[in-house]
């Protein structure tokens, strides 16, 4: 399970890989196998690393590092030392700090890895740790030192044939030469890196390489080619669901398209950041309506102000108050427009706090939300003397809480002299003593946040001075609370909706993955991982009908492994299975054009060759027979020769209404048995009246 999980990781199929790795971890823990747990932790850390979740990645690497300290005292599957696993872990930790551009820490971890790995002839990292040290030197501007480390790293990367490391090393060589202005050398190393990259399936490294290459193209005046390369990288990142990289690509694409004055394509990438814009349309309309109402109120207040001025100078003071009211209502109106168009709760809290501070001195400000499930008021934002304070919860049944009193009765509480007025609201004679840490606070407002009698939460504003709140400030806070309730409610609903959408998508992905697994299992052989008899039955019918329609030849080859029973009996079924797997692998690799191969049963295989006559099929089959011979799989119990061989039967036809698939397959089977009777390790093709 561990190896399958790592295989999926290397193919960037992270969801599948994680399933196998977690199952492997469960079994390893039950059996107390220490080194397999370490390897699984490292692999899971690698998955999180690939998708850019570096905190989670570090967490799993730390789990692995702790286990390395006790590995010698535990049961292990392999016989590797502490240094082997620690070198791997420290190298990966260095990579995280390298990506975060904390080169000092990256250098520390890489050196730890290199020192340990050096004792093992770089068996743990295949030389990657040296290559990573070179990367740090490169970013510090020490290009010659970087090239020295790279040259040494390539000795081990090539020795262990570690292609993904070779890709990164060549890519770094290219960047160094680019910095030095050696553009021909730079292009050469990029070409080398991409050539090796094409041989493997390591999407993460491929994307980074192509991004660097795109930058190089842009820097050397080939912007159109660079843009084309970015479009290609974008498709790769989307296909592999590497969205952290997708956003990085989008930023670069936007920059290049804007430089090229290609507004249309720039806008395409911009839209990725605004795909939820439609969901905000209703909120914007609601906000416009609210602003329109506020404007009417402002107009009415302005008219009233003019009438007062015209009547008498004695109303001057009231006029000033009214002007201040208009000013503050304008502030509230502007705030309402802002907070009802954002869905970020912290941003909403901050804007409300800043607005209150603009028209009064608030030594303490807090917002608590009602949690119906927990029956509590949870303070999510609490500032005391401009310092964030530890958040806390208040039980909704607490009779000594003014916030509870305010929300239960859905009424604003205003206190201008705490010592003398608190008893009007809470039945707790020791309230002042219990809140002695806030004994300097003499004025307080608790304002409920509700929408249609639905409890949202409470706002509290408190000050040291007595009589801090006038009727004007109270009305402003009440008006502000209406906007706050709408904004907070919308933000919470949006957050819950996003969570629900995410959960549904996760379920859909799980169902899709399960369905794909079931389809794959039903059509592929569990041992050899190539198509099975069931898949063959569908393919042969499909290709037969195509051949009839096109009036083209179709051929079929049936072959089996010579003396396979003796192989199984003498080497054991595990080695027999390994033999079948190896034959299946080279069979898959040998397929050309649109040829199809499947395991027919036991040690028998079948190949469908569309658009192929008997002569072409015989040549292909003979080539495959020689490939098997060249494998040189030892088989001392064979009556043919001392290595594994195969015998093949071929049938070819130009199908018409008088020919049948079953007869077609039977002819190939008969040819196979003729070849066996003639001594095996050969190929025979059959011709019949309506067969070629």
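What follows is calculated from the coordinates using simple rules that are stated; it is not laboratory data. Computed from a prediction, not measured in an experiment: that's the story for all the values here. Every residue, glycine among them, receives a Cβ derived from its backbone with ideal geometry; neighbour counts consider all protein chains shown.
From the P(r) of region 152-204, could you give the percentage of C-alpha pairs in the tail past 12 Å? Within region 152-204, distances greater than 12 Å cover 61 percent of Cα pairs. The alpha-carbon atoms of region 435-543 define a convex hull whose volume equals 213 cubic angstrom per residue.
Normalised by the residues of region 361-468, what does the relative contact order come to in percent, with Cα pairs under 8 Å and at least six apart? Intermediate results must be reported in sequence, preceding the final value.
Values: 218 pairs, mean separation 32.4, N = 108.
Contact order relative to length: 30 percent.
Look at 377, 99 and count the other Cβ atoms within 10 Å of each Cβ; fewest to most, that gives 99, 377.
Report D for the chain in µm² per second (integer): Stokes-Einstein, Kirkwood Rh on Cα pairs, 37 °C, 0.692 mPa s. Estimated diffusion coefficient is 101 µm²/s. Which whole-angstrom value gives the distance between the alpha carbon centres of region 346-360 and region 571-598? One Cα centre to the other: 69 Å. If one computes P(r) from the Cα atoms of region 202-275, what percent of pairs lie at distances over 15 Å? The calculated P(r) of region 202-275 puts 49 percent of pairs beyond 15 Å.
At a temperature of 25 °C and a viscosity of 0.890 mPa s, determine how fast region 595-683 diffuses translationally according to Stokes-Einstein, using the Kirkwood radius over alpha-carbon pairs as Rh; express D in µm²/s, rounded to the nearest whole number.
Working: Rh = 14.1 Å.
Taking Rh from Cα pairs, D becomes 174 µm²/s.
For the chain, the longest principal axis of the alpha carbon atoms and the long axis of helix 533-550 meet at an angle near 80°.
Rounded, prolate or oblate, given the Cα gyration tensor of region 516-574, with a/c below 1.5 counting as rounded? Oblate is the answer for region 516-574, as a/c is 1.5 or above yet b/c matches or exceeds a/b. Over what distance in Å are the Cα centres of region 620-691 and region 195-227 separated? Value for the Cα centre distance between the two parts: 46 Å.
For the chain, the longest principal axis of the Cα atoms and the long axis of helix 203-219 meet at an angle of about 70 degrees.
Once you order the gyration tensor axes a ≥ b ≥ c over the Cα atoms, which shape class does region 145-248 get: rounded for a/c under 1.5, otherwise prolate or oblate by comparing a/b with b/c? In terms of gyration-tensor shape, oblate.
How large is the helix-only mean residue ellipticity at 222 nm for the chain, computed as the sum of -39500 (n - 2.57) over DSSP H runs with n ≥ 4, divided by its residue count, in deg cm²/dmol to the nearest 500? Before the final figure, lay out each step's value.
On the way: 26 runs with 432 residues, N = 692.
Counting only the DSSP helices, I get -21000 deg cm²/dmol.
The C-alpha atoms of region 1-78 occupy a region whose extents along the principal axes are 34, 24, 17 Å, arranged from largest to smallest.
Compute the relative contact order of the chain as a whole-number percentage, counting only Cα pairs closer than 8 Å that sit 6 or more residues apart in sequence.
The normalised contact order for the chain reaches 6 percent.
Counting only Cα atoms, the size of region 80-197 along its three principal axes is 44, 30, 20 Å, in decreasing order.
Structural descriptor for region 80-197: relative contact order 19 percent, calculated from alpha carbon pairs under 8 angstrom and at least 6 residues apart. Sorting 636, 582 by the number of Cβ atoms found within 10 Å of their own Cβ, with the fewest placed first, yields 636, 582.
Give the dimensionless ratio obtained when the Cα radius of gyration of region 497-606 is divided by 2.2 N^0.38 Å. Don't skip to the end; give the middle numbers.
Details: Rg = 19.2 Å, N = 110, 2.2 N^0.38 = 13.1 Å.
The value comes to 1.46.
Extents of region 533-686, largest first, come to 48, 29, 23 Å (Cα atoms, principal axes, whole angstrom).
Any idea what the alpha-carbon Rg over 2.2 N^0.38 Å comes to for region 181-237? Intermediate values should be presented prior to the final figure.
Numbers: Rg = 11.2 Å, N = 57, 2.2 N^0.38 = 10.2 Å.
Scaled against compact globular proteins, the figure is 1.10.
Using the Cβ-Cβ distance between residue 454 and residue 235 with R0 set to 51 Å, the FRET efficiency works out to roughly 0.65. The angle separating the long axis of helix 163-180 from the principal Cα axis of greatest extent in the chain is about 60 degrees. Pairwise alpha-carbon distances in region 29-129 exceed 23 Å for 22% of all pairs.
Over all alpha-carbon pairs of region 64-116, lay out the pair-distance distribution in 5 Å bins, whole %, shortest bin first. Calculated P(r), rounded to whole percents: 5, 23, 26, 19, 13, 8, 5, 1.
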